[in-house]
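Heads up, the thing below is written out as structure tokens.
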Amino acid sequence: MDRESLELRSTVTPDGTLRLHLEPVDLPEPGPGQLLVRIEAAPINPSDLGLMFGPADMETLTHDGQALTARIPDRAMLAMKARIGQSLPVGNEGAGTVIEAGPDQQHLIGRRVAMLGGAMYARLRLIEAKDCLVLPEGASAEEGAALFVNPLTALGFVETMRAEGHSAIVHAPAASNLGQMLVRICQADGIGLVNIVRSAEQVALLRDLGATHVVDSSTDSFREDLTEAIAATGATVSFDAIGGGEMTSTILNAMEAVAARNMTSYDRYGSSVMKQGYIYGALDTGPSVLRRGFGFSWRVGGWLLFHALQRLDPATVQRMRQRVLDEMTTTFASHYTARITLEEALEPERIAAYVRKSTGAKYLLTP
């Protein structure tokens, strides 16, 4: 069988050039526990864009033969030192049909699977069966393409909340595919959720899903509305995909304002209520700013799905994966605004659209 694949690769050169190109790859025959999958759909997530383009100046994007190149600012090259000269495959997750399998996985030939493990922007993927979810008969690749990153992230927020003793969540920005999943999860599980969005249209979108607490950061009353929503839910943990700017700081200050209402005596160190802010994305790549009005009982840290899954016990992770499968067409359904091929992913006008990361605009690669 011909096992030649074509993979989308990202390389940083020593002179500070980022190169995005398609590279032929010959894959070996599947061994024990392995599957060879013909990839049929793979979503473009913000986490994929970070590997594809890194800190490159997108204004310098240009064609260079069969590749695209862009300049990386000198100040950003120090952080790129570990990946200089490496041709890195792109794409965290995807779905497709098993066309070959190791001797112990022959029963999966012809089945469609969802996959997590990188190198998904490709024609073929050799992967461990344990890194796959076998989709129900009749399920499409599009339905299975995004069953890991967003669904497990949303469930991971809830499991983190429970493990750390919190009872409700603040999420920003909340109108994304992931945010809509979190709304459905919290509704089903009876968890208080404060959704921060950026427009009246997004407020309407989440209210139509049944969200109770939706606050619009573009309004003059945002801080007051946020404080009252936190008071109504008792939220003391937040997950912020914006990263840069003051969103996490604003949330922590609102949590402290709510906690102060229940203080019976003055304490110059603020309330004793622990407030946790997690940053899990970088939609804004600028500095994260903290304006200290939230006392001394607080923590701010990064949250990454793959690290969170390692901290959870295997039984919990398996329960999460099974729930995703059981609710793949309801709670965890993703919706796409455009479908593009591998070749089209290298067209500058397409890139300008999918790197914009507009709320509600999700692109699907169909290799």
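Structure above, values below:
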item	result
Lone qualifier among GLY96, GLY165, GLY179, GLY156 - being part of a loop (DSSP other than H, G, I, E, B) and not hydrophobic (A, V, I, L, M, F, W, C)	GLY165
Subset of region 26-41 that is surrounded by 18 or more Cβ atoms within 10 Å (Cβ to Cβ) and part of a strand (DSSP E or B) - its residue that is nearest to the chain's Cα centre (by Cα)	ALA41
Filtered residues of region 124-144 (kept if outside any helix (DSSP H, G or I) and closer than 23 Å to PRO314 by Cα)	ILE127, GLU128, CYS132, LEU133, VAL134, LEU135, PRO136
Test: residue in region 113-132 that is surrounded by fewer than 17 Cβ atoms within 10 Å (Cβ to Cβ) and touching a residue at least 40 places away in the same chain (Cβ under 8 Å)	yes
Region 203-226 residues that are in a strand (DSSP E or B), paired with ones that are open to solvent by less than 20 Å² (accessible area, probe 1.4 Å) and among the polar types (S, T, N, Q) (beta carbon under 7 Å, 6 or more apart)	HIS213/ASN195; VAL214/ASN195
Selected residue [closer than 24 Å to PHE306 by Cβ and at pLDDT below 95] from ALA122, ALA114, ALA129, ALA79	ALA79
Residues located in region 272-295, provided they are of a type in the set (Val, Ile, Thr) and over 24 Å from the mean Cα position of the chain (by Cα)	VAL273
Tabulated pairs, region 29-48, first in contact (Cβ under 8 Å) with a residue 60 or more places away in the chain and over 17 Å from ALA95 (Cα atoms), second part of a strand (DSSP E or B) and not basic (Lys, Arg), C-beta under 6 angstrom, 6+ apart or interchain	PRO30/LEU36; PRO30/GLU100; PRO30/ALA101; GLY33/GLU128
Yes/no for ILE196 being under 19 Å from the mean Cα position of the chain (by Cα) and outside any helix (DSSP H, G or I)	yes
Residue list for region 64-83, restricted to those being within 20 Å of GLU7 (Cα to Cα), in contact (Cβ under 8 Å) with a residue 24 or more places away in the chain and not polar (S, T, N, Q)	ASP64, ALA67, LEU68, ALA70, ARG83
Out of GLY192, GLY179, sole residue that is crowded, with 24+ Cβ neighbours inside 10 Å, modelled with pLDDT of 95 or more and not basic (Lys, Arg)	GLY179
All positions within region 99-117 that are touching a Pro at 6+ places or on another chain (Cβ under 8 Å) and assigned to a strand (DSSP E or B)	GLU100, ALA101
Residue identified as open to solvent by less than 30 Å² (accessible area, probe 1.4 Å) and more than 20 Å from SER297 (Cα to Cα) among ASP220, ASP225, ASP216	ASP216
Residue ranges of helices (runs of 4 or more DSSP H) in region 282-359 with at least 1 members open to solvent by 50 Å² or more (accessible area, probe 1.4 Å) and under 20 Å from CYS186 (Cβ atoms)	314-326
Residues (more than 28 Å from ALA146 (Cα to Cα) and either part of a helix (DSSP H, G or I) or open to solvent by less than 40 Å² (accessible area, probe 1.4 Å) (or both)) located in region 46-62	GLU59, THR60
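The values are calculated or read from the model by the stated rules, or taken from the named source; none is laboratory data. Since this is a predicted model, take the numbers as computed values, not measurements. Note that we place each Cβ from the backbone using ideal geometry, even for glycine, and neighbour counts take in every protein chain shown. Note: accessible area is taken over every heavy atom of the protein model, side chains too, but ligands, DNA and RNA are not part of it. Shrake-Rupley method; radii C 1.70, N 1.55, O 1.52, S 1.80 Å.
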